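> What follows is a single structure, and I will ask about it in a moment.
The values are calculated or read from the model by the stated rules, or taken from the named source; none is laboratory data. All values reported here derive from a predicted model rather than from experimental measurement. No Cβ is skipped: glycine too gets one built from the backbone with ideal geometry, and neighbour counts run over all protein chains shown. When the accessible area is computed, the model is the full protein with side chains, heavy atoms only, and any ligands, DNA or RNA have been set aside. Shrake-Rupley method; radii C 1.70, N 1.55, O 1.52, S 1.80 Å.
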Amino acid sequence: MALLRKINQVLLFLLIVTLCGILYKKVQKGTVLRNETDDDSEIPEETEDEIPVVICAAAGRMGATMAAINSIYSNTDANILFYVVGLRNTLTRIRKWIEHSKLREINFKIVEFNPTVLKGKIRPDSSRPELLQPLNFVRFYLPLLIHQHEKVIYLDDDIIVQGDIQELYDTTLALGHAAAFSDDCNLPSAQDIDRLVGLQNTYMGYLDYRKKTIKDLGISPSTCSFNPGVIVANMTEWKHQRITKQLEKWMQKNVEENLYSSSLGGGVATSPMLIVFHGKYSTINPLWHIRHLGWNPDTRYSEHFLQEAKLLHWNGRHKPWDFPSVHNDLWESWFVPDPAGIFTLHHHNS
């Protein structure tokens, strides 16, 4: 009898152990599934299809930034995240303009750029002092401002987008290329080029080939230049190749040796990029960067050609919010009035 009791106790113990094992496995399985679900939920789905667009908002040209943003947002169904970059004393005004205008629906982040990173890296004797504005160098520091995106679009403020920005974002970057630009040789027509007197479209217009440091680069002065006002950038490659450090090195060398041309090309921010990216960049569809609209107020492109353009760029001295300028009607159609009443248009006849 005692033996039978012991057997029953052993069987009961084994049964309890078995049940505990089954329960443990079920609980463990449920925990694993919950953790996987939790992990998935921590990955924001929208980052998969967000298109990050970096654009600067300088104090005296904020109206340009808002018009550019309006044109981009109005011509796409894509999920755009605007990174609006400004200096500390303008951040409140940027937010007010967006939140108190038709732009209040956009998805945006305001990013402060600290100009102290430029200390000792810029020569003060440029022929075009407006190009020394600190925000002109934001494009050098994209990975420091943007962290969670693999691919980024950078745009100058004096642009208008007429196409779907998704197309520009889908630009293919070749293996090992950190960025895509528009070649300056891809201009509309020879006739238009002839009328744009003084236009620089080769390295000769940006680098001083009398200097040994420039000669030693081995780059032909007749090499076609590119325009960094529209950039599609791969952040992984940019960081891997230490592009920012390379650009800073050439800024520093210019301070020491005055390497860049002081001709009409200007080249304060363009010249270092021409050196660092020489032979190592992909190209953007020419229709996605129709430029030089601000070069000469007496030169106009055909209306048909401008209608075909996906992106218009008023690079040059003659901006469409000022006088004199050309094709300003195309720009003004996207203008967003300043809630603070500070930025106003200098109205003129088209």
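> Can you pull out every residue in region 94-134 that is at pLDDT 95 or above, open to solvent by less than 40 Å² (accessible area, probe 1.4 Å) and touching a Pro at 6+ places or on another chain (Cβ under 9 Å)?
Correct list: 97, 101, 113.
> Separate question: Would you please list the contacts, defined by Cβ atoms under 6 Å and residues six or more apart or on different chains, that run from a residue in region 280-292 that is within 16 Å of residue 155 (Cβ to Cβ) and in contact (Cβ under 8 Å) with a residue 40 or more places away in the chain to a residue that is buried (at least 21 other Cβ atoms within 10 Å of the Cβ) and among the hydroxyl-bearing types (Ser, Thr, Tyr)?
284/182; 289/182
> With at pLDDT 95 or above and out of contact with any strand residue (DSSP E or B) (no Cβ under 9 Å at 6 or more places or on another chain) as the only criterion, which of 199, 217, 175 stands out?
When all the criteria are applied, what remains is 175.
> To continue, here is another question. Would you confirm, using the coordinates I've provided, whether residue 69 is under 23 Å from residue 144 (Cβ atoms), at pLDDT 95 or above and outside any helix (DSSP H, G or I)?
no
> Right, another one. Restricting to region 224-254, count the residues that are more than 16 Å from residue 177 (Cα to Cα), open to solvent by 50 Å² or more (accessible area, probe 1.4 Å) and either in contact with a strand residue (DSSP E or B) (Cβ under 9 Å, 6 or more places away or on another chain) or of a type outside the set (D, E, K, R) (or both).
Qualifying residue count for the region: 1.
> OK, next. If you take the residues of region 294-313 that are modelled with pLDDT of 90 or more and touching a Phe, Trp or Tyr at 6+ places or on another chain (Cβ under 7 Å), which of them is surrounded by the most Cβ atoms within 10 Å (Cβ to Cβ)?
The residue in question is 311.
> Looking at this structure, is residue 276 open to solvent by less than 10 Å² (accessible area, probe 1.4 Å), at pLDDT 95 or above and not hydroxyl-bearing (Ser, Thr, Tyr)?
yes
> Restricting to region 144-176, name every residue that is open to solvent by 40 Å² or more (accessible area, probe 1.4 Å), within 28 Å of residue 328 (Cα to Cα) and within 12 Å of the chain's Cα centre (by Cα).
169, the sole residue that qualifies.
> If you don't mind, there's one more thing I want to ask. All but one of (1) open to solvent by 60 Å² or more (accessible area, probe 1.4 Å); (2) more than 21 Å from residue 162 (Cα to Cα) hold for residue 85; which doesn't?
Of everything listed in (1) open to solvent by 60 Å² or more (accessible area, probe 1.4 Å); (2) more than 21 Å from residue 162 (Cα to Cα), residue 85 misses just condition (1).
> How many of the residues making up region 44-60 are over 16 Å from the mean Cα position of the chain (by Cα) and buried (at least 19 other Cβ atoms within 10 Å of the Cβ)?
Adding up the residues that qualify gives 0.
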